[in-house]
Amino acid sequence: MAVRDEAAGLASEIAELRHAIHREPEIGLDLPKTQAKVLGALDGLPLEISTGRALSSVTAVLRGGRPGPVVLLRGDMDALPVTEETGLPYASAVPGVMHACGHDLHTATLAGAARLLSARRADLPGTVIFMFQPGEEGYAGARHMIGEGVLDVAGERPVAAYGLHVTSNRLPCGVFSTRPGPLLAAADQITVTVHGRGGHASQPHRAADPIPAACEMVLALQTLVTRKFDVFDPVVITVGAFHAGTTDNVIPDQARFLATARSYSASSRVLLADLVPRLVADIAAAHGLTADAEYATEYPVTVNDAAEAEFALQTVTEVFGAGRGERAEFPITGAEDFSFVLDEVPGAFVFLGACPPDHDPEAAPTNHSAVAIFDDAALAEGTALYAELALRRLARG
Ligand SMILES: [Zn+2]
Ligand SMILES: [Zn+2]
């Protein structure tokens, strides 16, 4: 039977697991209930299973009956601090926590792929590592799992790694999208504190007001983006938080703001880390103030290997037909910690449209929204792609 048909045969089982995970979402690196559900779903399969020490990850190794290379498939498992408002029958039963990024679908589809590939073990020419990862949403769970040895668990490094991400908007249901090269941005955090000297707001010359200087910094950061970076290697800086003072007639001692910096190349990232603190310090000095700027690197650029991205697109076309694979023209400005895996192993990260078929993908709520809906119709398709990528990549040797 074709892999796609086998995946379709598993659809209700995969949906059941997905709904169970969706009902009981967990945040961060410690997801004991989700981990237990994954272990339950893998129970009885011919897998070498290990769990994380510092995080509730699950690593499962399937050793095929024939010799061959190692391939890694990754699905993330964590939810977000969002109160669900979808009204779905399987909506979150945990107040303030929701699978608003669709990671419940990734976990369930990857478990489906483990079941599907396990049934083909005797003929499998190589080894598959299934990487069930906590803490994608800001906790760098992938980096922790690499630290605990997920890339070496099979005895040799994978020749390729693949990850899947559903989207509740943008792509029609069942359409896959990826591109060679940078796919997602690096995401870094800038924290700036401007130190002044407080006083009476009617006598600013007797104080050292940090607020105008901090405002200048916010605007100068936008100028920095346009004057110091190549427009064909884009950079985004957004100041998302700005805090100073308590009332109208008091000059505060301090102003503080937080910004995110997105970039698509290592060179731009190095330049940002160098220029931002200098700009901030020099503006402060121009006004007789001091300022601290902390540039914290978070997730690197998610870079698809060119050959692996082409292979993924070709696989989509062959398995699902022309029109189901989209070559994305541009990267997107989100970030992913699968980037840590792709820094070590060539591979590809692929988006899968999961917008309900009767919704307009352009108007549908985005991932992370309290009303984002991911349709079950994407589940079997995701499982089929995971399995086909592993089978075809192993067959290539
Ligand atoms: Zn997310
Ligand atoms: Zn996500």
### Message
Relative contact order of the chain, please, whole-number percent, based on alpha carbon pairs below 8 angstrom and at least 6 residues apart.
### Response
25
### Message
Tell me the angle of helix 266-286 to the major Cα principal axis of the chain, expressed in degrees between 0 and 90 and rounded to the nearest ten.
### Response
20
### Query
Which FRET efficiency, nearest 0.05, do residue 242 and residue 267 yield, Cβ-Cβ r, R0 35 Å?
0.75
### Message
Solvent-accessible area of residue 193, probe 1.4 Å, all protein chains present, reported in Å² to the nearest ten, please.
### Response
20
### Query
Near the amide H of residue 26, under 5 Å away, which other amide H atoms are found, from residues 5 or more places off or on another chain, if H is placed in the peptide plane?
79
### Message
Please report the antiparallel percentage of DSSP beta bridges with both residues in region 68-208, rounded to the nearest 5.
### Response
15
### Message
What are the ³J(HN,Hα) couplings of region 29-43, residue after residue, when phi is run through the Karplus curve with 6.51, -1.76, 1.60 and θ = phi - 60°? Round to Hz, x for glycine and proline.
### Response
8, 10, 10, x, 6, 5, 4, 4, 5, 5, 4, x, 5, 8, 4
### Query
Which far-off residues, 5 or more places away or on another chain, put their amide H under 5 Å from the one on residue 197, with H placed in the peptide plane?
208, 209
### Task
Would you kindly derive the ³J(HN,Hα) couplings of region 213-218 from the backbone phi angles with the Karplus curve 6.51 cos²θ - 1.76 cosθ + 1.60 (θ = phi - 60°), listing them in order in whole Hz, with x for Gly and Pro?
5, 5, 5, 4, 4, 4
### Message
Between residue 93 and residue 203, what is 0.36 nm times their sequence separation minus the Cα-Cα distance? Round to one decimal in nm.
### Response
34.1 nm
### Message
Rounded, prolate or oblate, given the Cα gyration tensor of region 125-191, with a/c below 1.5 counting as rounded?
### Response
oblate
### Summary
Using alpha-carbon positions, the gyration tensor of region 339-397 gives root eigenvalues a ≥ b ≥ c; with a/c under 1.5 called rounded, otherwise prolate if a/b exceeds b/c, else oblate, the class is oblate
### Task
Could you work out the local net charge near residue 210, counting Lys and Arg as +1, Asp and Glu as -1, over the other residues with Cβ closer than 13 Å to its Cβ?
-2
#### Entry: Rounded FRET efficiency, nearest 0.05, which uses the C-beta distance separating residue 286 from residue 230 and R0 of 35 Å
0.80
### Query
With the Cα gyration tensor of region 306-368 giving a ≥ b ≥ c as the square roots of its eigenvalues, does the rule (a/c under 1.5 for rounded; else a/b larger than b/c for prolate; else oblate) give rounded, prolate or oblate?
oblate
### Query
Under a 1.4 angstrom probe, counting protein chains only, how are 1, 145 ranked by accessible area, largest first?
1, 145
### Query
For the chain, what is the calculated [θ] at 222 nm in deg cm²/dmol (nearest 500), taking -39500 (n - 2.57) for each run of four or more DSSP H residues and dividing by its residue count?
-11000 deg cm²/dmol
### Task
Leaving ligands, DNA and RNA out of it, work out the accessible area of residue 299 with a 1.4 Å probe and give it in Å² to the nearest 10.
20
### Query
When DSSP assigns beta bridges and you keep just the ones with both residues in the chain, what percent turn out antiparallel, to the nearest 5?
65
### Summary
If R0 = 56 Å, then residue 51 and residue 249, at their Cβ-Cβ distance, give a FRET efficiency to the nearest 0.05 of 0.45
### Query
Of the accessible area of the chain, with the probe set at 1.4 angstrom, what percent is carbon plus sulfur?
53
### Message
Sort 16-29, 311-324 by packing, meaning the average of other beta carbons within 10 Å per residue, with the highest value first.
### Response
16-29, 311-324
#### Entry: Solution diffusion estimate, µm²/s, Stokes-Einstein, the chain, Kirkwood Rh from C-alpha pairs, 37 °C, viscosity 0.692 mPa s
146
### Summary
Karplus ³J(HN,Hα) for region 181-193 (6.51 cos²θ - 1.76 cosθ + 1.60, θ = phi - 60°; Hz, whole; x = Gly/Pro) runs x, x, 10, 10, 7, 6, 10, 10, 10, 10, 10, 10, 10
### Message
I'd like the accessible area for residue 275, computed on protein heavy atoms only with a 1.4 Å probe and all protein chains in place. Round to 10 Å², please.
### Response
20
### Query
Near residue 120, within a Cβ-to-Cβ distance under 15 Å, what is the net charge of the other residues, with Lys and Arg +1 and Asp and Glu -1?
+3
### Query
Top mean-square fluctuation among 251, 14, 190, Gaussian network model of the chain, C-alpha springs under 10 Å?
251
### Summary
Lys and Arg at +1, Asp and Glu at -1: neighbours of residue 252 with Cβ under 13 Å from its Cβ sum to -1
## Note on the structure
Taking placed amide H atoms and a strict 5 Å upper bound, the residues 5 or more places from residue 173 or on another chain that come that close are 355
### Task
Return the percentage of antiparallel bridges among DSSP beta bridges fully within region 14-135, rounded to the nearest 5 %.
60
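The values are calculated or read from the model by the stated rules, or taken from the named source; none is laboratory data. No experiment lies behind these values; they were computed from the predicted model shown. Every residue, glycine among them, receives a Cβ derived from its backbone with ideal geometry; neighbour counts consider all protein chains shown. These area figures cover heavy atoms from the full protein model, side chains too; ligands, DNA and RNA do not enter into them. Shrake-Rupley method; radii C 1.70, N 1.55, O 1.52, S 1.80 Å.
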